[in-house]
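Scroll down for the structure; my scribbles are underneath it.
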Amino acid sequence: MKKLLLSFLLASPTLLFAQGSQVNTQGIKALGMAGAGSALFVDESSIFYNPGALVKMDHNAVSAGASAVMYRSAFKEVNSTQQYDTKFQITPPFSVFATFGPKDTWWKAGLGVYTPFGGAVDWGQDWPGKYELNHLQMRAIYIQPTLSFKITDNFSIGGGFVYNLGFVDLSRSLPTFDANGNPGRAELSGMGTGTGYNVGVHYNLENEFAVSLSYRSKVVTKLKDGDAKFTVPDALAASFPTTTFEAELPLPASFNIGVSFPISERLDIAADGTFIGYDIYKSLTFDYKDNTATLEDTYQPKNYQKAFSGKIGLNYKASDKLDLRTGVGYVASPVSAQYVYAETPDNNRVMASLGFTYVLSDKFDLTGAYTFQRILERTVTNAVTGLNGTFKTNIHAPGISLTYKW
């Protein structure tokens, strides 16, 4: 009993740290190129991709966008033919970017509100890993005021302060049974905050070749007074008190390099490489306000590794009003096989995307995109829970944004 409860308390927030929780839909234009375009697109989404490029905008704008991330995973135990599927859910990461400042000057300001980490998964209560997870919803919302400065006509720098609001809501079954044989249930929820920064430089050569360098710092999100609720038989209630908890959840830093250049008068190519510091996640500790012989403060090493993603895309100017896009990408997982949990059964992944922007008028642009990700099949044995089987996962992410310019 104690071991199973301990594994729950340690494993539950793993979605925060795996690649599956990193949401790459902040800019719908970049989404249409599988996430490439930090050097190519100089617009309000540069608040996220590269604050140094923001000052090169020749106008001001407000852009609002959202995606419908549909995460579908399946699990099959080793030596079994029974497959268990997650329930259909849509996670709606969003972004709002606004820029302010005089035209054709040496500075520009901006504000971004976006969700770089998040996700939702629901396995239900009738699958082999029900004592590991029933459901999880998680979101990190970053609020980023930004300033950008032009050093020369071609070279610019910028940076922004990041304030994070993080939300977690999850549950799993417990091997404590009532008179009807129904298992117990543990539910954890909480909100935390953290701070960080985002800086970048941008260089372009006669509006042709461009290079982007940006760094987003780690954000250590501190959860305080989270709620821990346990549904168990009355005889065990004293061992599972409703209580609160504290924890620190480190969201990783990343360093991005982007380049872009024209292939022809109408066709541009862009590529991005991102190094992600998931190795910040060494261990996870929960501090419970009320402890019992069963409900003790917990610690477990995680030892995640650094990760890398590479993306390349094409932007084709079909007409004065329509741009078309496509892209492909590869993402390496930071998660070792023994630390794969049902929250995010992570592995290396491949992706492909399509997108467009249509100029509705002098003031309004409409942008849409669709990205498909395939997390490569992986057979694992979890070192804590002992769950042994094969996960396979697909992610569909259509998105749309509307921009107003002045």
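Please treat every number below as a calculation from the coordinates, not as lab data. Predicted, not measured: the structure shown is a model, and the values here were computed from it. Glycine also receives a Cβ, built like all others from the backbone with ideal geometry; neighbour counts cover every protein chain displayed.
Quick notes on this structure:
- Residues located in segment 295-322, provided they are farther than 25 Å from G192 by Cβ and touching a residue at least 60 places away in the same chain (Cβ under 8 Å): S309, K311, I312, G313, L314, N315
- Highlighted here are the strands (runs of 3 or more DSSP E) found entirely within segment 139-218 that include at least 2 residues which are aliphatic (A, V, I, L, M) and in contact with a helix residue (DSSP H, G or I) (Cβ under 7 Å, 6 or more places away or on another chain): 155-177, 183-205.
- Among the candidates G119, G37, G110, residue that is in contact with a Leu (Cβ under 8 Å, 6 or more places away or on another chain) and at positive phi: G119
- Of the criteria (1) in contact with a Gly (Cβ under 8 Å, 6 or more places away or on another chain); (2) in a strand (DSSP E or B), which one Y404 fails: (1)
- For segment 382-395, the candidate set comprises residues that are surrounded by fewer than 17 Cβ atoms within 10 Å (Cβ to Cβ) and touching a Lys or Arg at 6+ places or on another chain (Cβ under 8 Å); within that set, the residue that is nearest to A68 (Cα to Cα) is N394.
- Residues in segment 42-79 that are buried (at least 19 other Cβ atoms within 10 Å of the Cβ) and either polar (S, T, N, Q) or not in a strand (DSSP E or B) (or both): 19 in all.
- Among residues of segment 344-399, those that are in a loop (DSSP other than H, G, I, E, B), within 22 Å of P93 (Cα to Cα) and more than 16 Å from the chain's Cα centre (by Cα), counted: 0
- Scanning segment 219-256 for residues that are part of a helix (DSSP H, G or I) and of a type in the set (A, V, I, L, M, F, W, C), we see that the one that is surrounded by the most Cβ atoms within 10 Å (Cβ to Cβ) is L236.
- Whichever residue in segment 150-168 is in contact with a strand residue (DSSP E or B) (Cβ under 8 Å, 6 or more places away or on another chain), of a type outside the set (A, V, I, L, M) and surrounded by fewer than 17 Cβ atoms within 10 Å (Cβ to Cβ) and, among such residues, is farthest from R216 (Cα to Cα): N154
- Evaluation of E265 against the conditions (1) outside any strand (DSSP E or B); (2) more than 22 Å from the chain's Cα centre (by Cα); (3) surrounded by 20 or more Cβ atoms within 10 Å (Cβ to Cβ); (4) not polar (S, T, N, Q) shows that the sole unmet condition is (3).
- Residues of segment 75-109 satisfying the condition of being in contact (Cβ under 8 Å) with a residue 60 or more places away in the chain and over 25 Å from F167 (Cα atoms): F75, K76, E77, V78, S80
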